[in-house]
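The values are calculated or read from the model by the stated rules, or taken from the named source; none is laboratory data. As the structure is a prediction and not an experimental result, all values here were calculated from the model. Every residue, glycine among them, receives a Cβ derived from its backbone with ideal geometry; neighbour counts consider all protein chains shown.
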Amino acid sequence: MTIRHYTGFSLKMAITTAACALAVTLGISACSDSDTAPEEQAQSAPTVAPEADLSLDTVLDNLNEQLDKASDHVQEAVGPHADQLQSKTKEEVEKLFRWEYKVMDLPANVTAEQMESRLSQVGEDGWECSSIVSVPNAFRVTCKRKPPSALAYLKYIPGL
């Protein structure tokens, strides 16, 4: 079952990619579908018989089976909140295409070190200076940044 979000993002593909990366990183191990605690799962994790088929296709088929089950559980849990989640997701996606602006005036007698210090302060909050214009008795500094968004972390998911 592939669920495609209105943004065109395939949840199953992203989870499969992340799971494959995790499986390769940690070494391929069996998944457990029980409601037991992680400590108990580790103790009761099934072992793979030496003659078991560990071909990539088999591993991916097993992974997809587990993902289908997990997806069903997620859909069951998320279902009652779908409208709220869709609204929140839409807000987050819209942030990707917006800018925030900050305009500040610095006194005309500001030293280079003072200006550098002030720009560094706003830079720590994610602001990027886009222009400095001389106005009567001051320097008008315009800065911009993308609004903070949880979607900024997508770049850390392998394969996206």
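Structure values in brief
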read-out	value
Test for Ala108: is it farther than 30 Å from Gly126 by Cβ and small (Gly, Ala, Ser)	no
Index of the failed condition, Ser117 passing every other in (1) more than 21 Å from Ser149 (Cα to Cα); (2) modelled with pLDDT of 95 or more; (3) within 26 Å of the chain's Cα centre (by Cα)	(3)
Matching residues in region 68-109 - criterion: being within 20 Å of the chain's Cα centre (by Cα) and of a type in the set (Val, Ile, Thr)	Val74, Val78, Thr89, Val93
Pairs where the first residue, in region 122-135, is among the charged types (D, E, K, R) and the second is at pLDDT 95 or above, C-beta under 7 Å, 6+ apart	Glu128/Cys143; Glu128/Lys144
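Residues are listed down the side, and each one gets a yes or a no for (1) part of a helix (DSSP H, G or I); (2) surrounded by 13 or more Cβ atoms within 10 Å (Cβ to Cβ); (3) not charged (D, E, K, R):
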{"position": "Lys90", "(1), (2), (3)": "yes, no, no"}
{"position": "Arg98", "(1), (2), (3)": "no, no, no"}
{"position": "Met104", "(1), (2), (3)": "no, yes, yes"}
{"position": "Gln114", "(1), (2), (3)": "yes, no, yes"}
{"position": "Gly126", "(1), (2), (3)": "no, yes, yes"}
{"position": "Phe139", "(1), (2), (3)": "no, yes, yes"}
{"position": "Lys155", "(1), (2), (3)": "yes, no, no"}
